[in-house]
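Working notes for the structure below.
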Amino acid sequence: MRPITNPRAVARSALCEYEWPTHPPASRLGLFARNPMPTSEIPVRRGREFLQLPGPTNIPERVLRAMCRSAIDFNGPEYARIKAECCEGLKAVFKTADLAPIYTASGHGAWEAALVNVCSPGERILMPETGNFSSSWKRMAESFGIVVDYLPGDCRRGLDPAAVEARLAEDRAHAIKAVAVVHTETATGVHNDVAAVRRAMDAARHPALLLVDAIASLAIADFRMDEWGVDVAIAAGQKGLMLPPGMSFTCINQRARAAAEASTSYRNYWDWRERLPDRNTITFCGTTPEHQLFGLQESLRMLFEEGLDAVFARHARLAGAVRAAVRAWGGAGGGPELYCLDESRGANAVTTVLMPEGHDPVALRRLCRDRFGVALGMGLRDLAATTFRIGHLGDVNEPMVLGALATAELGFATLGVPHAAGGVLAAVTALAEAAGGEARGRAA
Ligand SMILES: Cc1ncc(COP(=O)(O)O)c(C=O)c1O
C-alpha cells in the first residue's frame, strides 16, 4: 500500500482504494521507458474476469451492441421514437404515471437535483441514518444550506419507520419539508421498507414530501412510486438498468413539481421547471447523451422481456444464495458474518460481509481481483477496514454468483481467514431448492 500523506488523498482513500502495484505509475509500467518492466510483475490472466461490484455492473452484450453505432440527428424521427420508448419504459419501471427528468450525470447529480428543486436554503428535511449513502446525501444537503434532521439508526438493521413517525409527530408546525430515505443502502446491504415509511408519514398526518434514493433498488427489487406515495424517486443507470455509469433520473410527481416552483435554491442544470415541457417527453440540459439512450432502450427491452417480477425473483434468489453461503462460512462463530442482522432486510442487490476480527478485507479483495480475476466490492468509509461486498445485481446469473462465492472461499483459504467449510455448497443448495420449486410450479 502506498503511504498517503496528502490530506485530500486520505479523504479520497475512504472511498477508493489507493494502492499499487495494482495501479502502478505509467513510468513503472514501462510506457516511457525503453525497456518495459519485467512481465513477471504484471501477471497475465486468462479466462473471463468477473465483476461482482455493486456498481458499475456487468453491461450485457446486447446493450453494448446497441450503443456501438454512429450518432444520429437528435431532432430526427428515429431519436424521437427512441426517447418516447425510453420515457414509457422508465415510467413502467418506476411504476408511475409521472415524469422522469434525466441527467447526463452519476447518481450524485440526481441527488442534487432532488434537493435543490424541493428545498430552499434554511428549510428542513428529515433523513434516517442508514449508512454511507445516507450520510453522503446528508452532507450534500447541508452544503446547500438545508438543515438536516439526521435520525440516528441501527445501520445493521435498517431504518425504523416508527422513529420517523415519532419525529414527524413532534413537528407540529410542519417545518420538515421532506423525508429523504435510501431504499437499498449499498454500503450495508440492508433494504429499507419505503411503503412503511409512507404509512408512518400518513399516520403522523405530516405533509412532508417523500424522497427516495432507489439507485440500488430500481429494476432489482420491487419499487412502486405511485402506490407507495413517493414524491421524488432517484435512480442511476449503472445498477439494475445495466448501463455504463453516466446517466441518472429523478421521477417526480405533481407535488414535487409544485415544490420546485416554490424553491429559491440556485439551480440551472438541475432545474425541473426547464426540463418538463410535458410528461411524455424526455429533455436534457445540453446535448442529449444519445448513446446512453440507445443503451437504455435495449436494457428496458431486456427487462420487459424477462418480466419485472421475474427480474426481482432472480435477484432475490441470487441474494438468498449469497446470504446462505455467508451464514455457512460463519459456522458457529468466528468466521465471516452477514453485516445485515435482519434476514428479512437483506438486499437483493448486494451483500456486505463482515470479516473475522484481525483479517483484512482489502487483502482479500486484492487477491481475488489480481490473482483470480474476480472483483468484489470494497467496504465503504467506516466499514472499509472490516467489510467487503458481493454485488449480485443487474446482468447476473447463478454461475457468476457461484464463481464469486467460490473465489471468496478460495481467498479465505489462501489467506488463512477462519471460516467454516460449505459456503458454496449452501449456496448451491439454496439455488437448487429455488430451481426445483420453479420447476414444480411450472408442472403444476
Ligand atoms: C444507494 C446509492 N445512492 C447513491 C449512490 C451514488 O451514485 P453515483 O455513484 O452514481 O453518483 C450510490 C452509488 O453506488 C448508491 O449505491
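Any read-out appearing in this document is the output of simple, stated calculations on the displayed coordinates, not a laboratory observation. Quick caveat: nothing in here was measured; it's all calculated off a predicted structure. Backbone-built Cβ (ideal geometry, glycine too); neighbour counts: all protein chains shown.
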Please name whichever of L383, V181, G437 sits farthest to the positive end of the charge dipole of the chain, dipole taken about the Cα centre and charges placed at Cβ: Lys and Arg +1, Asp and Glu -1.
L383
Nearest-0.05 FRET efficiency for H108 and L425 at R0 = 41 Å, using Cβ-Cβ distance, is 0.50
So for R0 = 25 Å, FRET eff. of R205-E261 from the Cβ-Cβ r, to 0.05, ends up at 0.55
Point-charge dipole on Cβ atoms (K/R +1, D/E -1) for the chain, about Cα centre, debye to 20
800
Along the dipole axis of the chain (charges at Cβ: +1 for Lys and Arg, -1 for Asp and Glu; origin at the Cα centre), the most positive-end residue among G307, T250, M67 is M67
Tell me the mean residue ellipticity at 222 nm calculated for the chain from its helices only (DSSP H runs of n ≥ 4, each -39500 (n - 2.57), averaged over every residue, nearest 500).
-13000 deg cm²/dmol
If you place +1 on the Cβ of every Lys and Arg, -1 on the Cβ of every Asp and Glu, and leave all else neutral, what size is the dipole of the stretch 111-217 about its Cα centre, to the nearest 20 Debye?
120
Evaluate E = 1/(1 + (r/R0)^6) for V44 and A162, where r is the Cβ-Cβ distance and R0 equals 51 Å; express this FRET efficiency to the nearest 0.05.
0.35
With both bridge residues required to lie in the chain, what share of the DSSP beta bridges run antiparallel, to the nearest 5%?
50
Full-stretch length increase - A84, L341 - with 0.36 nm per residue and alpha-carbon distance subtracted
88.2 nm
Figure the gain on full extension for T414 and D226 (residue separation times 0.36 nm, minus the Cα-Cα span) and round it to one decimal in nm.
62.7 nm
Pull out a ≥ b ≥ c, the square roots of the eigenvalues of the alpha-carbon gyration tensor of the chain, then state rounded if a/c is under 1.5, prolate if not and a/b is larger than b/c, and oblate in the remaining case.
rounded
Pairwise label distance in nanometres, L64 with R371, each label 7 Å out on the Cα-Cβ vector
2.8
Charge dipole of the chain built from unit charges on the beta carbon (Lys, Arg +1; Asp, Glu -1), centred at mean Cα; most positive-end Cα among F372, A114, F412 is F372
Pairwise label distance in nanometres, A173 with A332, each label 7 Å out on the Cα-Cβ vector
5.9
Of the stretch 231-252, those with amide N under 18 Å from the point 7 Å along the Cα→Cβ vector of A97 are 231-233, 251-252
The stretch 308-443, dipole about Cα centre (Lys/Arg Cβ +1, Asp/Glu Cβ -1), debye to the nearest 20
180
